[in-house]
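*Asks:* Handing you a structure now.
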Amino acid sequence: MLILFSIIVALLLLLDFIKKHQLNQSSCAIPTLHPCYPLLGNSLLLLGKSEQKRFENVSDVHRKTSRIQKCWIGPQLIYAVAHPDLIQRILTDPNCCEKPFFYDFVNLKHGLFSAKYKLWKPYRKSLNSAFNAKILQSFVPIFEKCSREMISRMKPHSRGAPVDILQFTSECTLEMVCQTTLGTEALEREEKSEFLSNLRILFSRVATRIISFELYSDMIYKLTSGYYEEKRARKYCLDYAYQIIAERQSNLRRQPSSEDSEDGYESRAPKIFIDQVLSMVDFETEFNVQNLSEQILTILAAGHDTSAQMVAHTCLFLAMFPEWQEQIATEIQTLLPSADVELNPELLRQLTVLEKFLKESMRLAPVGPIIARTNLADIELDGVLIPRGNVFLFNFYTLHRRKDFWGPDAEQFNPENFTPQQTKQRHPFAYLPFSGGSRNCIGARYAMYSTKIMLVHIVRNFRLSTDIKFENLRYLLDITLNLAFEHLIKLKLRE
């Protein structure tokens, strides 16, 4: 038995050496991250480490990479890409729109987040109309309503100890995305709480697997409790979505085909996502119930968590920098002197101080900090021809802190980074809070509308303060940028 084991280990070491040698020879001009061990490669940066330490180690790799560097996670070669020129080259190349194998762990092959390129391209084209400006503007009353309800839930906590503001922003964004995707009845069903609980379990287990290379093997993963938890949660969520779709299809068949107002203009009533897709002329050819269910689950998970984290991070920065908080409060009071004034896209555009502050928050705390791509064709980077099928990793958290693009104080919080003059002269791919290229985030404008409206209502109603220091902020390695501790903020009602 010992001899057999020794032979197997020897063969693995030989195959590992041959593979690394061949790939290193073809891209010898690109430096390799060291130390790099047989079989393990650079995986000791992640193996056995806490989520916080994993995040710090991955960030250090990109921080110390000027342009591009080779890394080995076990037998898997990964190119860490750090320079905006190279990031732009890859993300704008139509042959680099594929997602790597570990996105398959989401197991929603029709969802925009994880779909393979051949499926993603027609879906994205069909769904672009569901996120156009006119439809997003019709959602503003929903965003306002949900924000006001969030404020009502926050007010009882305005005289006590610090609270985790993420619990309020998370519930609010969940209500927003449910109402704009599935309709209000999705939140009124008796099974709502169980559905939302299973949705969180599903994507939490997937996130854990994506960042844990030791769970990449299906055989190993199926031996863990996480696999069975994920399987049960996925089945419940998909069954729930099937019921909603069937009901909405039935309702649409009974409704008139057009709902114009008396003055000839289209009704301003928001047309929720599920109705838009179901009413498409080519629905039967582009989608089916399974496809639509997966699209909906993707939107619910991504739209809810990312916006909730965006607002929570921004509120923490507001609490840390009270002088900016008061500038924003003054701007809001000037443009919106009464709480009865309805927000609209034009008013939101005029909140320039809030805009700068929010963008700076997304610079230092991008909610999608790390993404990856695979090239479907050979690509030349820095004079090196990289064969098809390789994985490229981008870290926007470190990209947004490069001193050669953001100045010597790149690690400091400064909304003046987003004055028109500063923005105009900066590299277009030095700031990517919603990724870049054709496979960027389809919900970017949705997120900006909903986030700004939530922040307007929060700043209008409360003064925020915190005992957390800016220099003590720490994050976890996950699909989204999660704080390593709670967003503890003190709330004080404004007069």
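*Asks:* Only one residue in L335, L351 is surrounded by 14 or more Cβ atoms within 10 Å (Cβ to Cβ) and under 30 Å from K469 (Cα atoms), so which one is that?
*Replies:* Matching residue, one of L335, L351: L351.
*Asks:* Given the criteria open to solvent by 10 Å² or more (accessible area, probe 1.4 Å), in a loop (DSSP other than H, G, I, E, B) and free of Cβ contacts under 8 Å to residues at least 12 places away in the same chain, does K53 qualify?
*Replies:* Criteria not met by K53.
*Asks:* In this structure, does L348 turn out to be in a loop (DSSP other than H, G, I, E, B), farther than 27 Å from S126 by Cα, touching a helix residue (DSSP H, G or I) at 6+ places or on another chain (Cβ under 7 Å) and at pLDDT 75 or above?
*Replies:* no
*Asks:* Of all residues in segment 480-495 being over 24 Å from the mean Cα position of the chain (by Cα) and touching a residue at least 12 places away in the same chain (Cβ under 8 Å), which is most open to solvent (accessible area, probe 1.4 Å)?
*Replies:* Taking the candidates together, the pick is K492.
*Asks:* Would you be able to say whether some residue in segment 468-479 is at pLDDT below 95, among the aliphatic types (A, V, I, L, M), surrounded by fewer than 19 Cβ atoms within 10 Å (Cβ to Cβ) and within 23 Å of Y117 (Cβ to Cβ)?
*Replies:* No, there is no match, as no residue in segment 468-479 is at pLDDT below 95, among the aliphatic types (A, V, I, L, M), surrounded by fewer than 19 Cβ atoms within 10 Å (Cβ to Cβ) and within 23 Å of Y117 (Cβ to Cβ).
*Asks:* Okay, next question. Just one of F396, F392 is without any contact (Cβ under 8 Å) to a residue 40 or more places away in the chain and surrounded by 19 or more Cβ atoms within 10 Å (Cβ to Cβ); which is it?
*Replies:* When all the criteria are applied, what remains is F396.
*Asks:* In the list W120, W72, which residue meets the criterion of being buried (at least 16 other Cβ atoms within 10 Å of the Cβ), in contact with a Cys (Cβ under 6 Å, 6 or more places away or on another chain) and modelled with pLDDT under 95?
*Replies:* W72
*Asks:* Evaluate the following for S450: is it among the small types (G, A, S), open to solvent by 30 Å² or more (accessible area, probe 1.4 Å) and within 17 Å of the chain's Cα centre (by Cα)?
*Replies:* For S450, the condition - among the small types (G, A, S), open to solvent by 30 Å² or more (accessible area, probe 1.4 Å) and within 17 Å of the chain's Cα centre (by Cα) - is not met.
*Asks:* What are the pairs with Cβ atoms under 8 angstrom where one residue, in segment 73-84, is on the phi > 0 side of the Ramachandran plot and the other, located anywhere, is at pLDDT 85 or above and crowded, with 21+ Cβ neighbours inside 10 Å? Sequence gap at least six, or different chains.
*Replies:* Note: pairs meeting the criteria are G74/G41.
*Asks:* For segment 354-373, name all the residues that are open to solvent by 10 Å² or more (accessible area, probe 1.4 Å) and either more than 24 Å from the chain's Cα centre (by Cα) or more than 30 Å from E51 (Cβ to Cβ) (or both).
*Replies:* E355, K356, listed by residue number.
*Asks:* I need the helices (runs of 4 or more DSSP H) fully contained in segment 219-309, keeping only those with at least 3 residues that are at pLDDT 80 or above and open to solvent by less than 40 Å² (accessible area, probe 1.4 Å).
*Replies:* Those helices (runs of 4 or more DSSP H) span 225-254.
*Asks:* The conditions are (1) at pLDDT 80 or above; (2) over 17 Å from the mean Cα position of the chain (by Cα); (3) crowded, with 18+ Cβ neighbours inside 10 Å, and Y216 fails exactly one of them. Which is it?
*Replies:* Checking Y216 against (1) at pLDDT 80 or above; (2) over 17 Å from the mean Cα position of the chain (by Cα); (3) crowded, with 18+ Cβ neighbours inside 10 Å, the one that fails is (3).
*Asks:* Would you say Q421 is at pLDDT below 95 and not aromatic (F, W, Y)?
*Replies:* yes
*Asks:* Suppose we filter segment 140-158 for residues that are farther than 17 Å from M448 by Cα and either part of a helix (DSSP H, G or I) or open to solvent by 60 Å² or more (accessible area, probe 1.4 Å) (or both); how many remain?
*Replies:* Residues that pass the stated criteria total 10.
*Asks:* Spot the failing condition for F317; the list is (1) open to solvent by 20 Å² or more (accessible area, probe 1.4 Å); (2) modelled with pLDDT of 95 or more, and only one is missed.
*Replies:* Every condition holds for F317 apart from (1).
*Asks:* Of the residues that make up segment 429-446, is at least one without any contact (Cβ under 8 Å) to a residue 12 or more places away in the chain, of a type outside the set (S, T, Y), open to solvent by 10 Å² or more (accessible area, probe 1.4 Å) and over 24 Å from I479 (Cα atoms)?
*Replies:* no
*Asks:* Test Y37 against the stated conditions and say whether it is surrounded by fewer than 20 Cβ atoms within 10 Å (Cβ to Cβ), within 25 Å of G303 (Cβ to Cβ) and hydroxyl-bearing (S, T, Y).
*Replies:* No: the conditions fail for Y37.
The values are calculated or read from the model by the stated rules, or taken from the named source; none is laboratory data. Owing to the predicted nature of the structure, the values given are computational and were not obtained by experimental measurement. Cβ coordinates were reconstructed from backbone atoms using ideal geometry, including for glycine residues, and neighbour counts include every protein chain displayed. Ligands, DNA and RNA are excluded from the accessible area calculation, which covers all protein heavy atoms including side chains. Shrake-Rupley method; radii C 1.70, N 1.55, O 1.52, S 1.80 Å.
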